[in-house]
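Visitor: Once you've had a glance at the structure underneath, I'll fire off some questions.
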Amino acid sequence: MRVEHREPELDGVVGIRTPGVVAAGALLAVAVVLTALNLRPAITGVGPMLAEMRQDLGTSVVWAGVLTTLPTLCFAGAGLAAPLLARRAGVGAAIAIALAALAAGLVLRVLDGPVVVLGGTLVATAGIALINVLIPVVIKDSFPARIGLLTGVYTAALQGGGALGSAVTPRLGDAFGGWRPALGSWAVLAVVALLAWMFAARGTGRAPRPADGAEGGRSLLRNRLAWIVTGFFGLQAFYAYAAMGWFPQVLMDAGVPRGDAGLLFGLVSLIAVPISLVVAPMAARQRRQSPWIVGLSVFGVAGTIGLMLAPSWSPLLWSILVGLGMSVFSLGLTVIALRARTGADTARLSGMAQGFGYLFAALGPFLFGLLHDLAGGWTVPLAMLLGLLGVQMVFGALAGRHRFV
């Protein structure tokens, strides 16, 4: 068992030996929250603007499918590369690099035509992918006594950013004259987070440390539990990114105006904020997270059935139920931290679960759009998501059991 030398758990920050440890820990927590706010607007802001983008750029449904699939492909590739970058540059520096890439990509993708849009999205989402993998390591190492709480706060901020992206981006387009300034303006938030992160690292006397033992160690590729966690994470991400890419269009085809569709899907992300703040800490204090995972997934099943059978009957109700189902993401991150004993194993499990999980999830938006084109409606792709939710509940129940990789 690894022996850690910490300051008292009041500050929750490992390895800091200065009189201002409490303030340093709080500053680092603020930087984590600001960083989390940037991890969804680059994706959720596209859905409500997708029709306008296609019309302006003269692109096809295939291009739209590639655009909505790129984030999860980047999450897979960059996610697998994140542990290597963290070993070479340190976790704190790696996150700063990722935030800089995010800001640059958000600006780049609004400067020119369809290829540049795809290229900028690739850069921006690669930065997001690196952060996705490394933040759980920061929480595990820097706040070991508050894993559930900080994971909940981080996830709530992440989902809140997703809600802002979906709800505010159409309004920014109306205010500033189109999709380009609307999507590009999110780079400002990324720069603010980068400055906060650099200041937090300086305030602690160093950036959050690389995972102990990350230079070598065992592989988790033959670990059954690691694959179960990866399967659960991939299934919930498959559903989430298919939803983020296409659910606004599902609502609009049901007769919901574009602005209202953006607000409703913003509500989907916003619902996860209180769920993450309450459920993740409660679940983390228990030996088994399985009941929480299965319970939240049932709400997703109900919302998806509603969208499939009667989308125009109560779009608000279906959005609330889908939002409750998608909030299982917070438990996905919690499970990654709880199923590992050390920061090194957390880095390995996080990289594996998010790398391979997002590789599978990359099929979500593409298959959803493809099935829509083949079937001529939304019933078949929504039925596909229902089947995957059933499998997700099985993997989630197994991943939530009290075991370690």
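The values are calculated or read from the model by the stated rules, or taken from the named source; none is laboratory data. Treat the numbers as computed from the prediction; the structure is a model and nothing was measured. Glycine also receives a Cβ, built like all others from the backbone with ideal geometry; neighbour counts cover every protein chain displayed. Only protein heavy atoms, including side chains, enter the accessible area calculation; ligands, DNA and RNA are left aside. Shrake-Rupley method; radii C 1.70, N 1.55, O 1.52, S 1.80 Å.
Visitor: Does A98 satisfy being crowded, with 24+ Cβ neighbours inside 10 Å, within 20 Å of L194 (Cα to Cα) and modelled with pLDDT under 80?
Guide: Here the answer is no, as A98 does not meet what is asked.
Visitor: So, T346, is that one of a type in the set (S, T, N, Q) and in contact with a helix residue (DSSP H, G or I) (Cβ under 7 Å, 6 or more places away or on another chain) or not?
Guide: So T346 fits the description; yes.
Visitor: Could you check segment 36-89 and list, in sequence order, the residues that are of a type outside the set (V, I, T) and part of a loop (DSSP other than H, G, I, E, B)?
Guide: L37, N38, L39, R40, G45, G58, S60
Visitor: So, one more: Residue under question is M393, and the condition is that it be modelled with pLDDT under 95 and not in a loop (DSSP other than H, G, I, E, B); does it hold?
Guide: In short, no.
Visitor: Farther than 19 Å from A196 by Cα and surrounded by fewer than 20 Cβ atoms within 10 Å (Cβ to Cβ), is that true of G119?
Guide: yes
Visitor: What are the pairs, 6+ residues apart or on separate chains, where a residue within segment 168-185 that is in contact (Cβ under 8 Å) with a residue 24 or more places away in the chain has its Cβ under 6 Å from a residue that is open to solvent by 50 Å² or more (accessible area, probe 1.4 Å) and in a helix (DSSP H, G or I)?
Guide: From segment 168-185, the pairs are W179/E52; G184/V107.
Visitor: Now, a different point. Taking the options F404, F366, name whichever one is hydrophobic (A, V, I, L, M, F, W, C), part of a helix (DSSP H, G or I) and open to solvent by 10 Å² or more (accessible area, probe 1.4 Å).
Guide: Going through F404, F366 in turn, the sole match is F366.
Visitor: Please report, ordered by residue number, the helices (runs of 4 or more DSSP H) entirely within segment 179-297 with at least 3 residues that are open to solvent by 10 Å² or more (accessible area, probe 1.4 Å) and modelled with pLDDT under 90.
Guide: The helices (runs of 4 or more DSSP H) meeting that bar are 187-203, 224-253, 258-284.
Visitor: Could you grab the pairs with beta carbons closer than 9 Å, sequence gap of 6+ or different chains, first residue in segment 349-366 and closer than 16 Å to L225 by Cα, second one of a type in the set (D, E, K, R)?
Guide: Pairs found: L349/R339; S350/K140.
Visitor: Taking the condition touching a helix residue (DSSP H, G or I) at 6+ places or on another chain (Cβ under 9 Å) and open to solvent by less than 50 Å² (accessible area, probe 1.4 Å), does L374 pass?
Guide: Considered against the rule, which asks whether it is touching a helix residue (DSSP H, G or I) at 6+ places or on another chain (Cβ under 9 Å) and open to solvent by less than 50 Å² (accessible area, probe 1.4 Å), L374 comes out as no.
Visitor: Quick test of your reading of the structure: V110 fulfils all but one of (1) open to solvent by 40 Å² or more (accessible area, probe 1.4 Å); (2) of a type outside the set (S, T, N, Q); (3) over 22 Å from the mean Cα position of the chain (by Cα). Name the failing condition by number.
Guide: Status for V110: all satisfied but (1).
Visitor: Can you tell me which of (1) under 18 Å from A126 (Cα atoms); (2) modelled with pLDDT under 70; (3) out of contact with any helix residue (DSSP H, G or I) (no Cβ under 7 Å at 6 or more places or on another chain) is the one A78 doesn't meet?
Guide: (3)
Visitor: Another question, if that's okay. Could you please find all residues in segment 377-390 being touching a residue at least 24 places away in the same chain (Cβ under 8 Å), open to solvent by less than 50 Å² (accessible area, probe 1.4 Å) and not hydrophobic (A, V, I, L, M, F, W, C)?
Guide: Of everything in segment 377-390, those that are touching a residue at least 24 places away in the same chain (Cβ under 8 Å), open to solvent by less than 50 Å² (accessible area, probe 1.4 Å) and not hydrophobic (A, V, I, L, M, F, W, C) turn out to be P381, G390.
Visitor: While we're on this one: Name the single residue that is nearest to H372 (Cα to Cα) among those in segment 298-334 being open to solvent by 20 Å² or more (accessible area, probe 1.4 Å) and hydroxyl-bearing (S, T, Y).
Guide: Within segment 298-334, the match that is nearest to H372 (Cα to Cα) is S312.
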